[in-house]
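The values are calculated or read from the model by the stated rules, or taken from the named source; none is laboratory data. Note that the coordinates shown come from a computational prediction; the quantities given were computed from them, not determined experimentally. Cβ coordinates were reconstructed from backbone atoms using ideal geometry, including for glycine residues, and neighbour counts include every protein chain displayed.
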């Protein structure tokens with residue numbers, strides 16, 4: 001049986017979709033034939049070429065990655081695929097789908113499944129059900145709409161806790177190395193923290209799971225062998241266990257795998273030893289979450305990282321000549337216009353270039369975040385009160401402390417100070 005996995009993001013250049021890579025490799029290991037299609041701002045595609053792809057590949061199942069700002073594109077793709085062959089089953093997964101209300105089915109006529117649990121095992125269950133001729137039987141980890149239009153929510157499905165049990169999309173050659181500028185990698189998944197604006201901790205039940213050092217080294221060797229010389233580690237907090245990261249970096253040095261790397265972590269999870277090892281192994285850029293430089297605002301985000309800790313982490317990185325990026329957010333609960341200005345001034349004062357990820361962005365209230373569940377408690381007033389059920393509040397809101405016009409003024413100020421006019425390169 002054939003499965004087609006699609007990621008569409010017309011707001012950025014196409015890059016290897018690591019999540020879909022894992023799913024593809026896992027399904028291939030279970031006997032399915034899988035193809036990945038990545039559509040970015042630099043992708044040339046037409047209705048005719050899409051029609052030809054679907055007609056020739058003849059997938060029984062299509063999986064679409066869903067994000068807030070790509071939902072209309074996802075809906076359009078689903079409609080087009082069903083117009084080619086109405087019997088194709090379509091599933092959506094990813095950040096927008098995991099906590100999307102099932103009521104969204106009434107506005108998503110082409111969608112058959114909303115994936116709620118780990119992508120690999122959830123899509124495997126769906127694929128096997130379709131292959132067996134019973135597409136709506138014995139499912140877990142999904143909400144689904146059957147042939148009669150009835151909607152059902154199934155029990156959650158646990159993913160594998162040892163990430164090495166998932167086949168490697170790199171070792172399986174799922175991706176085309178010939179057009180790969182950098183390899184997006186994971187050494188771990190999940191986050192144990194409780195930041196009120198973030199989706200990740202809730203999606204992973206506040207747990208972290210890991211690949212072995214051996215697996216990461218093996219993938220790095222294979223990626224380098226295929227001509228890719230830059231690694232982008234997408235772990236939320238790659239130094240969650242500092243000793244583990246040092247072991248990984250030491251192994252890279254021992255094996256002669258020094259490689260240009262981008263990575264991210266919390267400011268309270270680095271020290272001088274970690275930073276020195278990063279530099280020796282080839283880390284060129286490290287990103288920290290600052291969110292806000294107002295102590296009063298930061299204290300209410302349940303992040304438990306101080307502004308002083310961020311400043312010290314910046315100093316440590318810069319002392320090793322490692323470029324720093326800072327994730328910042330404006331439009332936060334309790335934040336005034338003056339508070340938001342403090343964040344911009346902090347970034348400038350600490351000599352962090354305002355470009356790429358350091359371009360600030362408005363807080364997005366996504367499904368699955370504490371903010372989405374309790375926005376009224378924070379005196380947040382949605383402006384899109386008649387939005388479709390498949391969309392969250394997103395950035396369409398104002399607060400008791402900042403009108404929407406004030407939020408737009410802050411955004412304009414950041415863009416005025418940006419070296420790349422507010423364009424996010426890695427976000």
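Does residue 13 satisfy the condition of being closer than 26 Å to residue 171 by Cβ and at pLDDT below 95? Answer is yes for this residue.
Taking the stretch 90-108 as the range and being closer than 16 Å to residue 136 by Cβ and either assigned to a helix (DSSP H, G or I) or out of contact with any helix residue (DSSP H, G or I) (no Cβ under 8 Å at 6 or more places or on another chain) (or both) as the test, the residues that pass are 102, 105. Among the residues here, residue 156 does not qualify as touching a helix residue (DSSP H, G or I) at 6+ places or on another chain (Cβ under 8 Å) and outside any strand (DSSP E or B). Note on the stretch 195-206: among residues that are without any contact (Cβ under 8 Å) to a residue 24 or more places away in the chain and assigned to a loop (DSSP other than H, G, I, E, B), the one that is nearest to residue 266 (Cα to Cα) is 206. Consider residue 246 carefully, then state whether it is outside any helix (DSSP H, G or I), in contact with a helix residue (DSSP H, G or I) (Cβ under 9 Å, 6 or more places away or on another chain) and more than 13 Å from residue 317 (Cβ to Cβ). Considered against the rule, which asks whether it is outside any helix (DSSP H, G or I), in contact with a helix residue (DSSP H, G or I) (Cβ under 9 Å, 6 or more places away or on another chain) and more than 13 Å from residue 317 (Cβ to Cβ), residue 246 comes out as no.
Within the stretch 227-241, being free of Cβ contacts under 8 Å to residues at least 60 places away in the same chain and assigned to a strand (DSSP E or B) holds for 230, 231, 233. Among the strands (runs of 3 or more DSSP E) confined to the stretch 279-397, the ones with at least 1 residues that are without any contact (Cβ under 8 Å) to a residue 40 or more places away in the chain and either surrounded by 19 or more Cβ atoms within 10 Å (Cβ to Cβ) or in the same structural domain as residue 69 (by TED's automatic domain parsing) (or both) are located at 283-291, 323-330. Tallying residues that are under 24 Å from residue 396 (Cβ atoms) and touching a helix residue (DSSP H, G or I) at 6+ places or on another chain (Cβ under 7 Å) within the stretch 68-89 yields 2. Filtering the stretch 156-171 to residues that are surrounded by fewer than 20 Cβ atoms within 10 Å (Cβ to Cβ) and within 16 Å of residue 227 (Cα to Cα) leaves only 171. For the stretch 12-89, the helices (runs of 4 or more DSSP H) that sit wholly inside it and include 2 or more residues that are surrounded by 20 or more Cβ atoms within 10 Å (Cβ to Cβ) are 18-29, 71-84.
Please state which one of 273, 218, 258 is over 24 Å from residue 309 (Cβ atoms) and assigned to a helix (DSSP H, G or I).
218
Restricting attention to the stretch 121-134, the residues that are buried (at least 23 other Cβ atoms within 10 Å of the Cβ) and either at pLDDT below 95 or under 23 Å from the mean Cα position of the chain (by Cα) (or both) total 3.
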